[in-house]
Amino acid sequence: MSDVQLDNTQVSALSPQAQQSDDTATLLEVRNLKKYFSVKGGLLRRTVAYVKAVDDVSFAVRKGETLGLVGESGCGKTTVGRTLLRLEQATAGEVLFDGRNVLTFSGSAMKALRRDLQIIFQDPYSSLDPRVHIGESVAEGLTIHGIGDREERVQKVREALIKVGLHPSHMQRFPHEFSGGQRQRIGIARALVMNPRLIVADEPVSALDVSVQSQVLNLMRTLQHEFGMAYLFIAHNLSVVEHISDRVAVMYLGKIVELADRKGLFTSPRHPYTKALISAIPVPNPRARRQRIILQGDVPSPLNPPSGCRFHPRCWMARAICREVEPTFEEKVPGHWSACHFSEEVIDSLPARQ
Amino acid sequence: MAAITPKSVALENKPVRSESQWETVLRRFARHRMAMISLFILVIIFGLSIFAPIITPFPRDQIDQSRRFFQPLTINPETGEMHWFGTDHLGRDYYTRLLYAARVSLTVAVTSTLLSTLIGLTLGMLAGYFGGWVDMIISRTLEFVATFPLLVILLILVAVLLDNENLIPIPGFVLNIIMAITSVDRIDNARVIAVVILTIALLFWTGTARLMRGMVLSVREQPFIESSRALGGSNLRIMTRHVFPNAFPPIIVDFTLGLNGILVLESSLSFLGFGIQDPIPTWGNMLNFAQSYAFQHPWMTLVAGLPILLTSLAINYVGDGLRDALDPKMKI
């Protein structure tokens, strides 16, 4: 990858936020975020290669909106969430929260920021300490930040539990006494009790039973209406993302390939990868006939990503230029961003039947 | 949504039964029958040894050649008093001596195991939690210390100490405390006890540290640790509130095993002639004398070995009960 291309993405990534800030205020802005994991090898444990888990990702989350971040396993979507919460050290880039770069924050500033920035974890079973009462677990953030006295904290925990649909008497219980859905509610209460402005939801429903998924999703949406926090909703399930998101970003192999509002993305995708993903959403109607796009091959190794457009080895639209030139991530129509040389052709194009 | 909210709000004002986490643990422990019985036995053993001077019918070191090898439950022909556990090869009352012996044996075992567990816990926690060069230093030290043969070092140290008592400086008040607790009347014996405790504590922690490090390594990677960090929890908080409670339970079992090991080690030391010496009784040296007469008077070994067995078993059960009570997932 050459420097020239890097600069291109940089410029194009910066401009949309300026436009967007006019209509809706930006809460979180991620600029050119990179996270490389070094691969050690050899006798001296030297770094022999990098896994580019997140490679030059830029997006913004507006106040009170839900931005869905989708992609298949290993595309780096979870790493994005973890890096912007500083659970991982970013390799490069900026994460602006209220215009201040979170990645440069000192320990105490970061601790203060964590009140506003919460996370809901994927696995509701292992993200709660099995030896801590629910009451204490939900109150943990309050305790850490010294909010209120003991009575006030108990009161806040009660309120949070009621808000997520649990009973205050559950405070005395331990995590193993709850079902998966209930535990995820507890996880939400842990975040909610801090009254945050942004919640990173890292695949919050993918470990849950399908019948429980919609309950938790609806709960999250109800809470958003009531408290006005923004969600960065990370998931691999497009129908879940469609259900909850205002805007959706699609990641492939460490990069965002398309970003648009929900309607625009699902009705007129401008990247072949998005189109393939959408075509794979099951339709609950056995008579419906449509062509599913089945991508050939596997996701290439992020250790050694393909040249040019990273999607080209699996793309039915790929031409010579895709192998050589990496497409810039740019605004094709207002509010609709895509990184494809032939974004106009995506809607009408279908792979030859196999 | 409608399904959840109304019901919850209606029940909102019901008072929440409040119980601290320790109350929960105690309540669960009380339901563990073997653990409660064992705790009772331990309390009796400790109580008897503490009140030994009041309870015991005979002076500790009173020798009477005419009353050697009395069997248990023999009545003293002169005073009419009962020798509950008989008498030893010098005609001293076995019951009296066992109670006094408990003082030395339990002091050595409990103190040195507590100290070594404390060292092992701390070092294992630091190594496992911080990793990197901290782990490097602690783990290499651990491997180095683990190669020391404990018994041999003990023998050498005690031998040196018997030779030159000022070689290892031990503060006078420590010796006074030891003498008071164990009712050892000679200062050089107190010195030996202090050195034995210290040496065991300084050499015995490696197993605990290794166990703790492994537990911490696995607990550290759990998502709930990350969850606490995302809320802004400090290292100290995460270590004490989340890592320690989840890594601790196997250490309880390790503690009970260590305690048993040291009870036996103390008797080996006495057997080799370097422990606490006659006339001061310990469970170890009493068992060793009993061994010499094992064929003529087999009851001696039984009586002398019984307290070690009982204490070991009881401590094991109490440990099990504590471990189960601390695990909320365990149904008791």
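Okay, here's what the table says:
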{"item": "Entries of A:LYS52/A:LYS163; A:LYS34/A:LYS63; A:LYS63/A:LYS332; A:LYS40/A:LYS77; A:LYS40/B:LYS329 with Cα pairs more than 32 Å apart", "result": "A:LYS52/A:LYS163; A:LYS40/B:LYS329"}
{"item": "Heavy-atom accessible area ranking, 1.4 Å probe, most first, across B:TYR293, B:TYR100, B:TYR94", "result": "B:TYR293, B:TYR100, B:TYR94"}
{"item": "³J(HN,Hα), Karplus 6.51/-1.76/1.60, whole Hz, each residue of the stretch A:105-114, x for Gly, Pro", "result": "5, 6, x, 6, 5, 5, 4, 4, 5, 5"}
{"item": "Shape category assigned to the stretch A:74-120 from the gyration tensor of Cα positions, a/c cut at 1.5", "result": "prolate"}
{"item": "Efficiency of FRET from Cβ geometry, A:MET110 and B:ASP278, R₀ 56 Å, rounded to 0.05", "result": "0.30"}
{"item": "Computed lengthening from B:ILE177 to B:LYS331, 0.36 nm per intervening residue step minus Cα-Cα distance", "result": "51.2 nm"}
{"item": "Cα→Cβ-extended label distance, 7 Å offset, between B:SER66 and A:ALA320, nm", "result": "12.3"}
{"item": "Cα-based shape type of the stretch A:121-265, given that a ≥ b ≥ c are square roots of the gyration tensor eigenvalues and the cut on a/c is 1.5", "result": "prolate"}
{"item": "Mean separation of Cα contacts under 8 Å (6+ apart) over length of chain B, as relative contact order %", "result": "24"}
{"item": "Quarter of Cα convex hull surface for the protein assembly as shown, i.e. mean projection, nm²", "result": "41.6"}
{"item": "Whole-number D in µm²/s for chain A (Stokes-Einstein; Kirkwood sum over Cα pairs; 37 °C, 0.692 mPa s)", "result": "153"}
{"item": "Rounded to the nearest 10 Å², the accessible area of A:HIS145 at probe 1.4 Å", "result": "40"}
{"item": "Interchain or long-range residues, amide H under 5 Å from A:GLY68's placed H", "result": "A:PHE233, A:ASP246, A:ARG247, A:VAL248, A:ALA249"}
{"item": "CD proxy at 222 nm, helix term only [per DSSP H run n ≥ 4: -39500 (n - 2.57); per residue of chain B; nearest 500]", "result": "-22000 deg cm²/dmol"}
{"item": "Convex hull volume per residue for the stretch B:19-97, taking Cα atoms only, in Å³", "result": "120"}
{"item": "Residue order for B:SER218, A:SER169 - accessible surface, 1.4 angstrom probe, largest first", "result": "B:SER218, A:SER169"}
{"item": "Computed [θ] at 222 nm, helices only, for chain A once each DSSP H run of length n ≥ 4 contributes -39500 (n - 2.57)", "result": "-10000 deg cm²/dmol"}
{"item": "Interface area, B with A, accessible, probe 1.4 Å, both sides summed, Å² nearest 100", "result": "3400"}
{"item": "Built amide H within the under 5 Å cut-off of B:THR74, gap 5+", "result": "B:HIS83, B:GLY86"}
{"item": "A:VAL30 long-range amide H proximity, modeled H, under 5 Å", "result": "A:PHE59, A:ALA60, A:VAL61, A:LEU96"}
{"item": "Straight-distance crosslink candidates among aspartates and glutamates, where the alpha carbon sits under 12 Å from A:LYS35 and sequence neighbours closer than 8 are dropped", "result": "A:ASP55, A:ASP56, A:GLU88, A:GLU94"}
{"item": "The stretch B:229-332 - Rg and Dmax from Cα coordinates, angstrom", "result": "20.5, 70"}
{"item": "Translational D in µm²/s for the stretch B:61-173 (Stokes-Einstein at 25 °C, 0.890 mPa s, Kirkwood Rh from C-alpha pairs)", "result": "132"}
{"item": "Heavy-atom accessible surface of the stretch B:41-190: percent carbon and sulfur, 1.4 Å", "result": "71"}
{"item": "In Å², nearest 10: area of A:LYS111 left accessible to a 1.4 Å probe", "result": "80"}
{"item": "In Å, descending, principal axis extents of the Cα set of the stretch A:190-265", "result": "35, 28, 23"}
{"item": "Cα Rg over Rh - chain B, Kirkwood", "result": "1.09"}
{"item": "Rounded to whole Hz, the Karplus (6.51, -1.76, 1.60) HN-Hα couplings of the stretch A:57-62, x for glycine and proline", "result": "10, 10, 6, 9, 10, 8"}
{"item": "Accessible-area ranking of A:GLU72, B:GLU266, A:GLU151, largest first, probe 1.4 Å", "result": "A:GLU151, A:GLU72, B:GLU266"}
{"item": "Computed over the stretch A:27-90: relative contact order in percent, which uses C-alpha pairs under 8 Å that are six or more apart", "result": "34"}
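The values are calculated or read from the model by the stated rules, or taken from the named source; none is laboratory data. Model, not experiment: these values are computed from the prediction. Please note: Cβ atoms are built from the backbone with ideal geometry, for glycine as well, and neighbour counts cover all protein chains shown. Note: accessible area is taken over every heavy atom of the protein model, side chains too, but ligands, DNA and RNA are not part of it. Shrake-Rupley method; radii C 1.70, N 1.55, O 1.52, S 1.80 Å.
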